[in-house]
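S.K.: Okay, handing you the structure first.
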Amino acid sequence: MTAVETQVQYTTTYVTTEEYMTQEEDWDRDLLLDPAWEKQQRKTFTAWCNSHLRKAGTQIENIEEDFRNGLKLMLLLEVISGERLPKPDKGKMRFHKIANVNKALDFICSKGVKLVSIGAEEIVDGNVKMTLGMIWTIILRFAIQDISVEETSAKEGLLLWCQRKTAPYRNVNVQNFHISWKDGLALCALIHRHRPDLIDYSKLRKDDPIGNLNTAFEVAEKFLDIPKMLDAEDIVNTPKPDEKAIMTYVSCFYHAFAGAEQAETAANRICKVLAVNQENERLMEEYEKLASELLEWIRRTIPWLENRVAEQTMRAMQQKLEDFRDYRRVHKPPRVQEKCQLEINFNTLQTKLRLSNRPAFMPSEGKMVSDIANAWKGLEQVEKGYEEWLLTEIRRLERLDHLAEKFKQKCALHESWTAGKEDLLAQKDYESASLMEIRALMRKHEAFESDLAAHQDRVEQIAAIAQELNELDYHDAATVNSRCQGICDQWDNLGTLTQKRRDALERVEKLWETIDQLYLEFAKRAAPFNNWMDGAMEDLQDMFIVHSIEEIQSLITAHDQFKATLPEADKERMATLGIQNEIMKIAQTYGIKLSGINPYTNLSPQDISNKWEAVKHLVPLRDQMLQEEVARQQANERLRRQFAAQANIIGPWIQTKMEEIGHVSVDIAGSLEEQMNNLKQYEQNIINYKSNIDKLEGDHQLIQEALIFDNKHTNYTMEHIRVGWEQLLTTIARTINEVENQILTRDAKGISQEQLNEFRASFNHFDRKRNGMMDPDDFRACLISMGYDLGEVEFARIMTLVDPNNTGVVTFQAFIDFMTRETAETDTAEQVMASFKILASDKTYITVDELRRELPPEQAEYCISRMTKYIGADAPPGALDYISFSSALYGESDL
């Protein structure tokens, strides 16, 4: 027997005996009046009855006449049912015949068959139509009804059986029990499928239907003990052969090949088990490969990260940092994906093994998920230490570079300031100076002394920086020390020269008594007024950044206050310029020759006037800038309100949808499909709402372009809305996935909706946090409430099943898996062993030829490569031990 079959999906319909017979009540009675159909049914039904009656040593010649007394009818029912009927009446009167026929009809009714319009009187009277209908009812009940193929029965089961058996054959397409059989190829295909030695199918022709039909009838009668029930000419010459006649004849083939069907069922079971085992082994090999590669990469990477040899230059250390960042961006992310995929494959494999009743997968030593997690943790610890070391070294080199640059800048500033100071202090210009010049020189010298004292801090800073560079082991410390020493020596010399010049000026100053108070007073008043104008000009030209109407109003108020001070400032200006006017008046009065330069200040009356005019020019410009900013802030306020109006609607809407989805996910009302439909509708409503989010994004874009950073009219930011929207999409997708998984579990395990609702109710009752997870104590309480008698050891075993990763919580999916595993029926080693026993014809061993004949090539070679040789004197060479192989599939010892 070949294992080639075409996979076809059929719609399964479950019909009770009474319902099926009810469907046949409306059988085409009028068609029986067709002579061709009546002839086919007479011949077929007569042959079928005789195939059973000859077991009792009798037969019938005329179907409507030989059953009239009820005796052979009762005998036929006893033969086909294997039961005894009531003792028949021996008389030959009409009422005796009616009584016998009624006993037969009562027996048929006792088997769950509802007879409609068929009475004993009609059978006794020889009514052909009713007699044929009665025989067809008997055939349906005892020859066709018990046919079952893949959960389909009776007519549908027989049709499915024919379709599966003839699928591989050319020119055969069985769709019904009439015209699909006219060319005879379907019957020949059925015989060749089970007994290829009886017919050479390759020599048959579709254009020879009579030859094909006669070949099938003769072979079936000669070798299969199936009597000839049909005439080839009647079938070919009839546009639509009688369906009941064809079904009756084909059912004989089904019963003749019932034993081969049992072997095929066993082969299918083995194929299913072996396919699961092959897939599991592939996943195991893939896990081992991924784990080995990932661990090898970690082993190679850790020594590189443990290297702590520092570089001498900033560029070299930055290159190390760039290499590390390249590792983070390029090399590590694919490994993170591999690690994640490894964990997913491991969990998927364990789930498949658990669902197929296989032992849990134990990876090779050192390749457990926990081992990989520990190795990864060690890698991240070393990685963190390496990053910290890199940053510390870079900060140290940055500090050195910063200090060196700072040292150079301060030295350059100091050397620039001291340039020419020694020559200046050595001059004796005071010997020929006038009084004003002497006083100016004295004041200038005092200012120099103040400046010199101020520069003392810079010299100290230069020395401190040089010391720190030496402490941090700066590579060019010798140059730094040499330059620092030169600056310190020069500083000591400046101090000596300064003191000598002061002594000389103080000796000359006693010769002069007149002092020009006006110059001094001008300088004292001009300087602060000049500083005030500088500050005012700086404030009037200062760039401002405001974010609200209130802030710009505050600036306008401050500007108005400034404008109020202008009259008083103008008075100060006039008073300061009045001092200069007084100087000019005294010079003219006493004939004093002025040099035109105030020895106490570089400010001139013209400088004061020019700056005052500049201040007056900037005031209206400042007014214009403030008013433009007021207009901009008003526009920004409108944008804020526009954004807030939408955000205050969208934010609560997202929260409401999140709560509704949460209620749907825990609601046990309705079926899982109804929950799925509700969730799909929620998902569609959410997707339809996306346009509101896009509009809000547009408003947010306008706000960003306007550089608006706050909004007092709403607590929602665009980031809050985006995060909430993404969480909403993620939640609805995850909830739909959970319901889909529950449907898959329900269908795979064969549990009812009521059981799922009961499981959900129990889970919700003990899920105190309402987060879709139970802690171990709540899970224990839930199991106890459902009738489990739990000890510590048993509860620990259950926890390893529902929480294999030791997360400390039990999800609803894990809870469903556990509860369904407690009740679902799965394949066992004994069932697989029994299937192999059928293929081996009840022997304790199986041969290679038997495996290749009964199984598909891939599964056959898989078994041959893994089965051990059978040890026993009664076996031929090369016999295989299927018993130990079946036990090994489920991780059990030999039974």
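The values are calculated or read from the model by the stated rules, or taken from the named source; none is laboratory data. All figures in this text were calculated on a predicted structure; none of them were measured in a lab. Neighbour counts are summed over all protein chains in view; Cβ atoms, including those assigned to glycine, are modelled from backbone coordinates with ideal geometry. Each accessible area value is taken on the protein alone, full model and side chains, heavy atoms only, with ligands, DNA and RNA left out. Shrake-Rupley method; radii C 1.70, N 1.55, O 1.52, S 1.80 Å.
S.K.: Can you pull out every residue in the stretch 876-885 that is assigned to a loop (DSSP other than H, G, I, E, B) and open to solvent by less than 50 Å² (accessible area, probe 1.4 Å)?
M.R.: Gly878, Ala879
S.K.: Another question, if that's okay. Need pairs with beta-carbon distance below 7 Å; first residue assigned to a helix (DSSP H, G or I) and within the stretch 457-485, second aromatic (Phe, Trp, Tyr); sequence gap 6+ or separate chains.
M.R.: Here the result reads Val459/Trp491; Ile462/Phe407; Ile465/Phe407; Ala466/Phe407; Leu469/Phe407; Val480/Phe407; Val480/Tyr474, each pair linking the stretch 457-485 to a residue that is aromatic (Phe, Trp, Tyr).
S.K.: So for the stretch 245-254 (the condition being within 58 Å of the chain's Cα centre (by Cα), within 30 Å of Ser886 (Cβ to Cβ) and of a type in the set (Ser, Thr, Tyr)), does at least one residue qualify?
M.R.: So far as the stretch 245-254 goes, yes, one or more of its residues are within 58 Å of the chain's Cα centre (by Cα), within 30 Å of Ser886 (Cβ to Cβ) and of a type in the set (Ser, Thr, Tyr).
S.K.: Are any residues in the stretch 707-755 aromatic (Phe, Trp, Tyr) and assigned to a helix (DSSP H, G or I), and if so, which ones?
M.R.: Scanning the stretch 707-755 gives a single hit, Trp725.
S.K.: Shifting gears a bit: Identify, from the list Glu850, Glu830, Glu858, the residue that is farther than 30 Å from Asp747 by Cβ and either out of contact with any Phe, Trp or Tyr (no Cβ under 9 Å at 6 or more places or on another chain) or open to solvent by 60 Å² or more (accessible area, probe 1.4 Å) (or both).
M.R.: Glu850
S.K.: Yes or no: the stretch 132-139 includes at least one residue that is open to solvent by 40 Å² or more (accessible area, probe 1.4 Å) and within 27 Å of Gly157 (Cα to Cα).
M.R.: no
S.K.: So is Thr498 among the β-branched types (Val, Ile, Thr) and either farther than 20 Å from Lys444 by Cβ or not in a helix (DSSP H, G or I) (or both) or not?
M.R.: Against the criterion (among the β-branched types (Val, Ile, Thr) and either farther than 20 Å from Lys444 by Cβ or not in a helix (DSSP H, G or I) (or both)), Thr498 does not qualify.
S.K.: Now a separate question. What are the residues in the stretch 69-88 that are farther than 26 Å from Ile226 by Cα and open to solvent by 50 Å² or more (accessible area, probe 1.4 Å), if any?
M.R.: Of everything in the stretch 69-88, those that are farther than 26 Å from Ile226 by Cα and open to solvent by 50 Å² or more (accessible area, probe 1.4 Å) turn out to be Asn69, Pro86, Lys87.
S.K.: On to the next question. I'd like to check something: does the stretch 872-882 contain any residue that is at pLDDT below 85 and among the hydroxyl-bearing types (Ser, Thr, Tyr)?
M.R.: no
S.K.: Does Arg308 fit the bill of being surrounded by fewer than 16 Cβ atoms within 10 Å (Cβ to Cβ) and either assigned to a helix (DSSP H, G or I) or aliphatic (A, V, I, L, M) (or both)?
M.R.: no
S.K.: Given the conditions (1) modelled with pLDDT of 85 or more; (2) buried (at least 19 other Cβ atoms within 10 Å of the Cβ); (3) touching a Leu at 6+ places or on another chain (Cβ under 6 Å), report the number of the one that Asn171 does not fulfil.
M.R.: The failed condition is (2).
S.K.: If a residue must be open to solvent by less than 60 Å² (accessible area, probe 1.4 Å), outside any helix (DSSP H, G or I) and modelled with pLDDT under 80, how many such residues does the stretch 380-436 contain?
M.R.: Residues that pass the stated criteria total 2.
S.K.: Of all residues in the stretch 838-875 being touching a Ser or Thr at 6+ places or on another chain (Cβ under 9 Å) and in a loop (DSSP other than H, G, I, E, B), which is nearest to Ala266 (Cα to Cα)?
M.R.: Ala840
S.K.: Any chance you could count how many residues in the stretch 506-530 are open to solvent by less than 70 Å² (accessible area, probe 1.4 Å), under 29 Å from Asp423 (Cα atoms) and modelled with pLDDT of 75 or more?
M.R.: 2
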